[in-house]
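Data first, discussion second: the structure below is written as structure tokens.
What follows draws every value from the coordinates through simple rules; no lab data is involved. What you are looking at is a predicted structure, and each value in this text was computed from that prediction instead of being measured. Note that we place each Cβ from the backbone using ideal geometry, even for glycine, and neighbour counts take in every protein chain shown.
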Amino acid sequence: MSLLEIKDLHISIGDKPIVKGVTLTIKQGEVHAIMGPNGTGKSTLAKAIAGHPDYIITDGEVLLDSRSVLAMQADERARAGMFLAFQYPSEIPGVSIANFLRAAVQSRMTEGEELDAAGYYKRLYAKMDMLKIDRKFTARSVNEGFSGGEKKRCEILQMAILEPKFALMDETDSGLDIDALRIVADGVNTMRGPGLGVLLITHYQRLLDYIVPDYVHVMWDGRLVKSGDKSLALELEAKGYDWVKKELAAATV
Amino acid sequence: MKPPTELSGTTVDNPVIGIDQSKGDFQYDVKYEFDAGTGLSERTIDYISAAKKEAAWIKEFRLNALKVFQSKPMPTHWATKDLENINFDKIRYYLASGQKPKRSWDEVPEDIKRTFERLGIPEQERKFLAGVEAQFDSEAAYSNIKDLVAKQGVIFCNSTEALREHPEIFRKWFGKVIPTGDNKFSALNSAVFSGGSFIYVPPGVKVAHPLQAYFRINAENFGQFERTLIIVDEGAEVTYMEGCTAPKFSTATLHSAVVELVALKGAKIQYITVQNWANNVFNLVTKRGLAHEEAEIKWIDCNIGSRLTMKYPGVILKGRKARGEVLSIALANDGQHQDTGAKMVHAADETTSNIIAKSISVGQGRSTYRGLVHIPRHLKGCKNNTECDALLINTNSRTDTYPAITVRGDLNATQHEASVSKINEEMIFYMQQRGLTEAQAMSLAVNGFINDLARQFPMEYSVELKRLIDLEMEGSVG
């Protein structure tokens with residue numbers, strides 16, 4: 001079983017500290033949700049773990065199976081089994097989804113190893129069926145001219161093909177209507193199991209109705225200030241983030 | 001690369017003993033039987049003409065061209081000042097190891113053969129070509145046309161042979177599409193040209209497979225001046241492909257070709273170039289086609305490598321309903337300037353032209369699109385479409401567009417679109433997050449940018465192009 005350990009992580013963008021000491025351990029098979037208002041560092045945390053060059057780790061550690069990933073490039077981390085489902089996936093004009101995913105699959109093979117094209121397409125189509133994606137979809141350029149829902153489904157399709165050990169899902173619910181949300185959630189739930197650890201980042205409780213987390217953490221001003229099980233999400237929904245704010249204020253007095 | 005060491009071949013006595021050949025600083029141990037020495041003068045032309053045993057008229061043509069070349073200034077009033085860095089006195093204008101190309105690969109000298117084998121030429125010939133010319137420095141080392149094609153009356157040889165064996169067709173069209181004085185470099189080529197392909201396709205013959213020429217520069221301080229002339233008779237069709245490479249030298253090398261195409265009534269010519277010059281080659285090429293009534297000339301031009309490329313393939317649409325097309329891709333890496341484009345001169349009613357140019361600038365690379373479209377007032381029913389798209393990989397990359405479109409009269413139509421886009425860090429991070437290395441991500445983005453154009457190329461060339469782009473991007477990521 002794999003482990004993703006985040007230890008007292010501090011992250012800055014430029015000179016500005018955004019994440020100020022986050023500690024969290026995710027085991028394969030677990031789903032953790034991080035909730036919190038905008039601007040508290042949730043997305044920064046996900047991107048920094050994935051290795052975005054603009055996010056500077058000023059302190060702390062990220063360990064994948066006891067091995068630090070901080071010196072690794074984003075692509076090495078990806079090949080080691082970390083997947084980031086983007087909040088705003090980039091468009092890649094002229095590159096079809098099928099070709100993009102094939103390149104991604106090939107990047108995981110050892111030198112000299114040949115991709116079994118027939119097997120690849122078979123697997124791709126099976127995953128597309130699971131996510132209720134039209135076969136014609138793979139001929140389109142990655143994310144180019146996609147609706148919000150198509151972009152998110154494309155992210156989930158990539159995740160399904162690449163079979164990561166850990167998925168960091170950054171506001172996967174944003175921009176989705178309820179039908180699209182359901183399809184995306186169904187996809188994640190199908191992949192859920194002992195081989196996948198998930199860090200779900202979300203602003204709203206809504207997503208957690210569909211992907212029920214094992215643990216819920218509340219992020220505030222760059223820190224995880226409260227942790228609990230799925231009931232914490234419901235409590236947050238009922239009381240709002242002001243409740244956390246007040247609790248925090250009371251604690252610091 | 002192991003330098004070629006020994007060359008066998010037809011031994012011809014050195015026709016000009018007087019020229020000092022020790023000036024040539026041989027970086028590679030190639031024993032050239034013919035070497036016109038360094039620098040350009042009438043004696044250089046005497047040497048070349050004597051080596052080729054040329055007719056008097058062609059020598060006259062060369063000597064006249066030399067005067068035109070010497071009298072013309074460098075076009076630096078509009079083009080880059082980098083042209084001033086060409087030292088014509090330090091260039092070797094003619095190097096050959098034999099005067100007759102071999103007809104089978106087995107006869108080609110071992111080291112030259114190895115060069116072409118590394119480039120995959122014999123293999124490609126077997127697979128999908130109707131004929132191959134392989135030029136090594138000044139002359140063709142190998143030349144072959146498949147029997148079936150030859151039996152149809154198709155002529156495919158190099159210009160040296162064509163002058164000897166088909167002077168009547170050669171002379172009729174030679175220098176007619178691109179006159180000597182067209183520009184300084186067409187004059188230079190006219191003075192010292194050697195090699196290049198000559199093709200004649202008889203009326204109604206449609207050559208099913210492409211003919212291909214491969215141009216290899218092997219020697220340092222060398223100038224390669226091939227001269228290609230393709231005449232496709234009424235209703236006939238041909239596809240011609242050329243590939244160009246040179247090893248990396250520390251000093252500048254000059255490649256200055258002239259390519260003339262003639263498509264007679266209803267004929268079709270498709271001319272495909274994939275060049276991958278080393279980054280010290282000045283590549284200054286004049287390419288133009290003459291399309292008669294209902295004829296079609298299509299240039300597919302992929303420019304990778306070189307220090308400076310200046311090349312604007314053109315079509316003169318001379319006959320009614322003639323069609324011209326230029327599809328071009330240029331990739332300018334660090335220290336390179338791709339100054340490319342297209343020219344369409346409409347000279348008859350209902351002629352149509354299409355230009356699609358895509359350029360990619362990497363690092364400090366610079367790409368320039370320079371176009372000319374001319375539709376005079378008295379014509380009617382003419383159409384032009386011009387699209388130029390530029391992709392910048394880094395913030396210090398540069399692109400410029402100079403589309404000179406002159407369309408007069410209200411019975412003609414033109415359409416022009418231009419775009420500049422940039423590969424941003426987020427896109428690269430996105431792809432890296434899926435497991436691709438930075439270089440793979442760049443390659444994929446670049447290939448995506450040219451994808452709609454590259455799809456129109458023959459399969460073998462799309463694959464080659466993709467491979468070359470991968471290599472370029474591999475080197476561009478630090």
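If you build the Cα gyration tensor of the stretch B:45-174 and take the root of 5 times each eigenvalue, what three semi-axes come out, in whole angstrom, biggest first?
Numbers: eigenvalues 192, 87, 48 Å².
With the √(5λ) rule applied to the stretch B:45-174, the semi-axes are 31, 21, 16 Å.
Approximating the spin labels as points 7 Å out from Cα along Cα→Cβ, the residue B:42-to-residue A:15 distance works out to 7.4 nm. Residues A:22, B:463, ranked from the fewest to the most other C-beta atoms within 10 Å, line up as B:463, A:22. Only Cα pairs under 8 Å and 6+ residues apart enter the sum, and on that basis the relative contact order of chain B stands at 9 percent. The modelled label-to-label distance for the pair residue B:74/residue B:106, using points 7 Å beyond Cα in the direction of Cβ, is 5.0 nm.
Distance between the 7 Å Cα→Cβ label points at residue B:471 and residue B:424: 3.3 nm.
Across peptide A:68-74, how many C-beta atoms of other chains are within 10 Å of each residue C-beta, on average? Mind showing how you got there, number by number?
Details: counts 0, 0, 0, 0, 0, 3, 12.
Across the residues of A:68-74, the mean count of other-chain Cβ atoms within 10 Å is 2.
Taking chain A as a Gaussian network of alpha-carbon nodes connected by springs under 10 Å, the highest mean-square fluctuation of the residues A:164, A:53, A:89 belongs to A:53.
The phi-based Karplus calculation (6.51 cos²θ - 1.76 cosθ + 1.60; θ = phi - 60°) puts the 3J(HN,Hα) values of the stretch B:362-376 at 10, x, 8, x, 10, 10, 10, 9, 10, x, 9, 10, 10, 10, x Hz, whole numbers, x for Gly and Pro.
Can you give the extra length, in nm with one decimal, that the chain gains between residue A:116 and residue A:38 once fully stretched, where that is 0.36 nm per residue apart less the Cα-Cα distance? Working shown, then result.
Details: separation 78, 0.36 × 78 = 28.08 nm, distance 4.37 nm.
My answer for the length gained is 23.7 nm.
Counting every other Cβ atom within 10 Å of each residue's Cβ, B:110, B:133, B:350 order from fewest to most as B:110, B:350, B:133. Structural descriptor for the stretch A:71-215: relative contact order 32 percent, calculated from alpha carbon pairs under 8 angstrom and at least 6 residues apart.
If you average the alpha carbon positions of the stretch B:211-289 and of the stretch B:314-373, how far apart do those two centres end up, in angstrom? Distance between centres, Cα-based: 16 Å. Counted over chain B with a bin width of 20 Å, the fraction of Cα pairs per bin, in whole percents, is 25, 59, 17, 0. One Cα centroid belongs to the stretch A:114-168, the other to the stretch B:435-462; the line between them spans 20 Å.
Over all distinct alpha-carbon pairs, what is the Kirkwood Rh of the protein assembly as shown in angstrom?
Numbers: mean 1/r = 0.0346 Å⁻¹.
One over the average 1/r among Cα pairs gives 28.9 Å for the protein assembly as shown.
Per residue, the Cα convex hull of the stretch A:99-253 amounts to 141 Å³.
Starting with the highest mean, order A:126-138, A:109-121, B:60-72 by the number of other Cβ atoms within 10 Å, averaged over the residues of each peptide. Each step should come with its number before you reach the end.
Details: A:126-138: 14.8, A:109-121: 9.1, B:60-72: 17.0.
The packing order, highest mean first, is B:60-72, A:126-138, A:109-121.
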